[in-house]
Structures are given as C-alpha cells and as structure tokens.
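The values are calculated or read from the model by the stated rules, or taken from the named source; none is laboratory data. Nothing here was measured: the structure is a model prediction, and the numbers come from that model. In this analysis, Cβ positions are derived from the backbone assuming ideal geometry, glycine residues included, and neighbour counts consider all displayed protein chains. Ligands, DNA and RNA are excluded from the accessible area calculation, which covers all protein heavy atoms including side chains. Shrake-Rupley method; radii C 1.70, N 1.55, O 1.52, S 1.80 Å.
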Amino acid sequence: MASRSALRVDQEGTFPSPLARQSRAIHPSARRVARFIVAAVAIGLALGAFCLAGVRKVCAARRDWTGSAVCGGCHPAELAAWQVTAHARTRERFATRPEPRCLGCHATGEAPAGPAIAVEVGCEACHGAGAAYAEADLMRDPPVARALGLADVSTPKARAAVCAPCHRSATRGGFERSGIDPTAPVHPVAPRP
C-alpha cells in the first residue's frame, strides 16, 4: 500500500512521481552551481584534449590583452608602485623598437612567437593576458581567475618561477649577477584593510 505522502495530489490534480517531487525540491542556486560545475568540467576536458593532442603552447590573441591601464582601474596602488619600476620603463632602454628576440622579455605579449602588445613589462607580462579574468567578480575568486589565465604569483616560489625565464637568461647574467631577488614582490604595496 502506498504511503499517505505518495498519494498527495499536486496543483494540476495529478499524482506526481517521486522523481518530480525531488526535482522541485532542488534549490535554484544549487541548479546554477551544478551547471557551473558541469561547464567547468567540460572546459577542463577540452583543455586536457588540447594538451594530449600535442599543443605545446596556446598563444593569446591581441584581444586577450587588456593593458596595464585597465588593470590599474581596479588596482591603482599596484599600478602606481609598478610605474616606478624598471619594468614600466623598459621602452627607455631602447633607442628604437627592440628586435623580436628581445621582446620576449622586454615587452608584454607573446613575442617573439606572437605580437608584442606593449614595449614594457606590464601587468600581463607576469600575470597573464587579462581579458578572460579581468572582471571584478572573477578576480574575487582566485581559483576561477587562475583557471582563466591569471598566473599565480602569491608565493615566493611561484614568483620565482614567473621571473626565471627572463631573469635567468644569459643576457642578464642570472639572478645572482643582476642583484634581483626572484622571491620578492615586484611592486610591493601596503596590505588592503
């Protein structure tokens, strides 16, 4: 014999199935979270397929770069601190536009393999092309921002890994000769309250 709750009639005058009752019980925000998780897994699988297919490096297109001024709209203290560094003044080191082989370290963009967006070591030279993660709500969620391309520079080891390709090169003489501490923040600012 069916239980009393199973015999309840819904608003349309029918006897809903247990599955129908359960699906109505799921909160709308839980459905959104479930859709987000499914989308994230699909994106992860697609990226994994790229890696397995032998794609060594995915280059960002010109539209994927926002520029340091856009970053400074939300991070004004960091922009001001960066503007007094040698990274911001890279253009001053060259009388003319540098050769493509130099732009790999002395520019922001994909040089020498792709376009150089700016002859400066701007925000995105270290943090990654920002168009995908620049929205404020994404930046407030570091794991999502990192999944969308924000480079992790939150620890000294992570900063050293980002700095190493340029500052360990033969033209710089390595970290020791250049006097650069790869674990130190590049543009230190006071912590936010």
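Structure notes:
- With every protein chain in place and a 1.4 angstrom probe, the accessible-area ranking of PHE94, PHE36, largest first, reads PHE36, PHE94.
- Across all directions, the average flat footprint of the convex hull enclosing the Cα atoms of the range 54-173 is 8.3 nm².
- For the range 136-142, Karplus couplings with θ = phi - 60° (6.51, -1.76, 1.60), whole Hz, Gly/Pro x: 4, 5, 6, 5, 6, 10, x
- Taking amide H atoms as placed 1.01 Å from N in the peptide plane, the amide H of ALA118 lies under 5 Å from those of THR108, each 5 or more residues away in sequence or on another chain.
- Annotation: for a label point projected 7 angstrom from Cα along Cα→Cβ of ARG97, residues of the range 112-135 with backbone N closer than 16 Å are 112-120.
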